[in-house]
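The values are calculated or read from the model by the stated rules, or taken from the named source; none is laboratory data. Note that the coordinates shown come from a computational prediction; the quantities given were computed from them, not determined experimentally. Please note: Cβ atoms are built from the backbone with ideal geometry, for glycine as well, and neighbour counts cover all protein chains shown.
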């Protein structure tokens, strides 16, 4: 019985798959067919350029395009005790406009996911924003 199984297995391998691609020399490929590559599903996160006004203009002068920063919103209202929260983590600095410093701070353009840009805009309307530089 073992000899019969061995002969059957050898015959199946010799016959090869019917749908295999031809080998380089025009012969049919033998053995197992190659599986088609399965496309990898990647979650695409759309990024946008978000202009953000940072409360301390001197801090913005320290920034350069390519830097990574965390953006922190410090609540101006005294109803919640003046708490602070991180609004964006690891945002990439895209631009630091030269003449953006005013009494109310300085402008910086950050590349962030769209949802983070919405949080930044909301926080900028109700809070003073600060940045901390991330280590490379």
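Table for the structure above
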| read-out | value |
| --- | --- |
| Subset of segment 45-61 (residues that are in contact with a helix residue (DSSP H, G or I) (Cβ under 9 Å, 6 or more places away or on another chain) and outside any strand (DSSP E or B)) | 45, 46 |
| Which listed residue, of 131, 108, 86, is in contact with a strand residue (DSSP E or B) (Cβ under 9 Å, 6 or more places away or on another chain), modelled with pLDDT of 90 or more, surrounded by fewer than 17 Cβ atoms within 10 Å (Cβ to Cβ) and in a strand (DSSP E or B) | 86 |
| Of residues in segment 111-128 being within 12 Å of residue 51 (Cα to Cα) and in a strand (DSSP E or B), the one nearest to the chain's Cα centre (by Cα) | 112 |
